[in-house]
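K.L.:
So that we are looking at the same thing, I have put the structure below in structure tokens.
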Amino acid sequence: MAWRAELGEGGFGTPAPGSSCFFGKQQLTTLTSNGWNLDADAAPWCHFGLDVPFMNHIGLESISLQGDCCHTRLRLQRVLVNSRGDIHGGALMSALDFSLSVVARAHDPINVGAATIDMNTHFYEPAAADVDVFAICKRRGKRIAFCEGEVKDAQGNVLAAARAVFKLVPRAP
């Protein structure tokens, strides 16, 4: 299934004229006018060109990265639930932090790393099933990026939202 999310100045679900992100399969390293398009399935356990052991550990699936928009998926697993059987907030925050960092460095995802400076998360509803995480970079300078993301259930309900600021750092060769 291909995902499409309208993302504009007003945030998720409030499109600005002519702005949209399409989530779908892309080639591994295609450089486009507004960034890299990466195929998340290009290598097993590859997260947009990188091996990220902790994301492998929690089972985060990297679905797509196009321009400054990212889509990941976290499946409900026994090892990730809280005492009520919902996905633990810490697991959701980890998935959000990773997805937000992906869009922070989306202009050069192989050569640039992102270190979280600040992140805040608001939880609206429990995550009782698999969730999708959508992230967008709202503004990027030479050294700092500002990103926003949402966790949604299969019906499109927003379960959590986050904003984060990242320091952009060159990745060691």
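K.L.:
Treating only the Cβ of Lys, Arg, Asp and Glu as charged (+1, +1, -1, -1), what charge dipole size does region 68-173 show about its Cα centre? Round to the nearest 20 debye.
P.N.:
Computed about the Cα centre, the dipole is about 460 debye.
K.L.:
Taking K and R as +1 and D and E as -1, what net charge do the other residues with C-beta under 14 Å from the C-beta of Tyr124 add up to?
P.N.:
So the environment of Tyr124 carries a net charge of -3.
K.L.:
What do you get for Rg/Rh over region 74-115 if you use C-alpha atoms and the Kirkwood form of Rh?
P.N.:
1.16
K.L.:
Also, quick follow-up: Grab the other residues whose beta carbon is less than 15 angstrom from that of Arg75, score K and R as +1, D and E as -1, and report the net.
P.N.:
Neighbour charge sum, excluding Arg75 itself: -2.
K.L.:
For region 104-128 and region 136-173, what is the centre-to-centre distance using only Cα atoms, to the nearest Å?
P.N.:
About 4 Å separates the Cα centre of region 104-128 from the one of region 136-173.
K.L.:
By the gyration tensor of its Cα atoms, with a ≥ b ≥ c the square roots of the eigenvalues, what is the shape of region 61-134: rounded for a/c under 1.5, prolate for a/b over b/c, or oblate?
P.N.:
In terms of gyration-tensor shape, prolate.
K.L.:
Rounded, prolate or oblate, given the Cα gyration tensor of region 42-173, with a/c below 1.5 counting as rounded?
P.N.:
Prolate is the answer for region 42-173, as a/c is 1.5 or above and a/b outweighs b/c.
K.L.:
Listed highest first by mean packing, meaning other Cβ atoms within 10 Å per residue, what order do 76-86, 95-105, 60-70 come in?
P.N.:
Descending packing order for the listed peptides: 95-105, 60-70, 76-86.
Every number here is computed from the coordinates shown, using simple stated rules; none is lab data. Please read all numbers here as calculations on a predicted model, not as lab measurements. In this analysis, Cβ positions are derived from the backbone assuming ideal geometry, glycine residues included, and neighbour counts consider all displayed protein chains.
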